[in-house]
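A quick write-up on the structure given underneath.
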Amino acid sequence: MTSRSNQRKRVLSGMRSTGKLHLGNFVGALDNWVRMQDQYDCFFFVADWHALTTDYADTSRIKENSMEVLLDWLAAGLDPERCTMFIQSHVPQHAELHLLFSMITPLGWLERVPTYKEQRENIAEKDLSTYGFLGYPVLQAADILIYKGDFVPVGEDQVPHVELTREIARRFNMFYTRKGMYVFPEPQPLLTPAAKLPGTDGRKMSKSYGNTILLTDPEPVVRQKLKTMVTDPARVRRTDPGNPDVCPVGDLHKVFSTPETMAKVYEGCRSASIGCIECKGWAADSILREIEPIRERRAHYEAQPQLVTEILAAGAQRARHFAEATMVEVRAAIGL
Ligand code: SF4
């Protein structure tokens, strides 16, 4: 069995190239990645091929969107000296492994992936009856296994995807070995505490709902978005008491505000001694405190496009080095 027990464990994760990131991306993944950099050997990639599985018909912004994601990563504190960052399509070995995995992956495994049916039904405006869309979990397995990742940071709902990657690794190892050894370790999900982050309409913050607050939003925009945010419906009049536990603004406070502010929110909301406008102002203050340093770092990188290009090139080179080493083993194990 492959082992790197005397080294730092390797973590693999990616984000689709969807353009500028929002607070939900930050709280749900990025903030956690920043903390993991010193603990693990981290590989983070912008998944532009994955974006193609749903957005193949319009690729006009795909490059720009990848760069926006990368800039937000750097801005949030991912450090090219402490982790490997790259764009998926810059490492073509992912595609080769995807092809080989697709030879051994039974169709039934893909058809039963919960998000497959769900997304095909929910994204009605796009024709997702394609080979690429059905096979995206195979690409995901290639993304992870090509670096022999030990851990994949995921929320509860993503665990079945990691399980599928493990099944593909097992099936490959069953068919092919190299000098009697398994080529692929089975990665484990690294469960990340997913803070509940609502968007301005109270639903989960998501680009497709148009309810996001971006990491790049300037102060007046953040304040304006907060002003339009839905609140506890019990507070119809200023004198009606409310409950921050059933209010989306309360959820934002829980993530971004200090215990002192939280105490003021609970007391003021329940006794109706504060109005929602005032409460939303405090939430905006807390969010801005978090994103201002991020915006400053982003400006630093935006002013140096050459530096960003170099970071990307170095990341892709390091990733290719490991990916190719795995592919040498894979080709030999299959007998190609
Ligand atoms: S006071 Fe704050 S927590 Fe209470 S309902 Fe208004 S916005 Fe929500």
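Just so it is clear, none of the values below were taken in a lab; they were calculated from the coordinates. Bear in mind that the values here come from a model prediction, so they are computed numbers and not experimental data. Methodologically, a virtual Cβ is constructed for each residue, glycine included, from the backbone with ideal geometry; neighbour enumeration extends over all protein chains shown.
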Item checked: Rh by Kirkwood over Cα pairs, then Stokes-Einstein D for segment 170-318 at 1.002 mPa s and 20 °C, µm²/s -> 114 µm²/s
Next item on the list: Just subtract the alpha-carbon distance of LEU336 and GLU81 from 0.36 nm times their residue separation and send over the number in nm, one decimal.
Entry: 88.2 nm
Next item on the list: Quote the FRET efficiency, to the nearest 0.05, computed for ASP240 versus GLU156 with a Förster distance R0 of 25 Å and r equal to the Cβ-Cβ distance.
Entry: 0.10
Next item on the list: Compute the distance in nm between two label points, each set 7 Å from the Cα along the Cα-to-Cβ direction, one at THR59 and one at LYS196.
Entry: 4.1 nm
Next item on the list: Grab every C-alpha pair in the chain, bin the distances at 10 angstrom width from 0 up to the longest one, and report whole percents.
Entry: 5, 23, 30, 23, 13, 5, 1, 0
Notebook entry, point to check: Between GLU278 and HIS321, what length comes free when the chain is fully extended (0.36 nm per residue of separation minus the Cα-Cα distance, one decimal in nm)?
Noted result: 10.1 nm
Check: Any idea what the relative contact order of the chain is, in percent, if you count C-alpha pairs under 8 Å spaced at least 6 apart?
Finding: 22 percent
Next item on the list: May I ask you to list the GluC sites (Glu not before Pro) in segment 1-95 that are in a DSSP loop and have at most 16 other Cβ atoms within 10 Å of their Cβ?
Entry: GLU81
Next item on the list: For GLN224 paired with GLU296, estimate the spin-label separation in nm (one decimal), with each label point 7 Å from Cα along the Cα-to-Cβ line.
Entry: 2.5 nm
Next item on the list: Would you kindly state how much longer the chain becomes between ALA313 and ASN122 on full extension, computed as 0.36 nm times their sequence separation minus their alpha carbon distance, in nm to one decimal?
Entry: 65.1 nm
Check: To the nearest 0.05, how large is the calculated FRET efficiency for MET103 and ARG203 if R₀ is 41 Å and r is the Cβ-Cβ distance?
Finding: 0.55
Check: Which cross-chain or sequence-distant (5 or more) residues have an amide H under 5 Å from the amide H of GLY135, H modelled 1.01 Å from N in plane?
Finding: none
Checklist line | Rounded Å value of the spacing that divides the Cα centres of segment 22-77 and segment 269-336 | finding: 6 Å
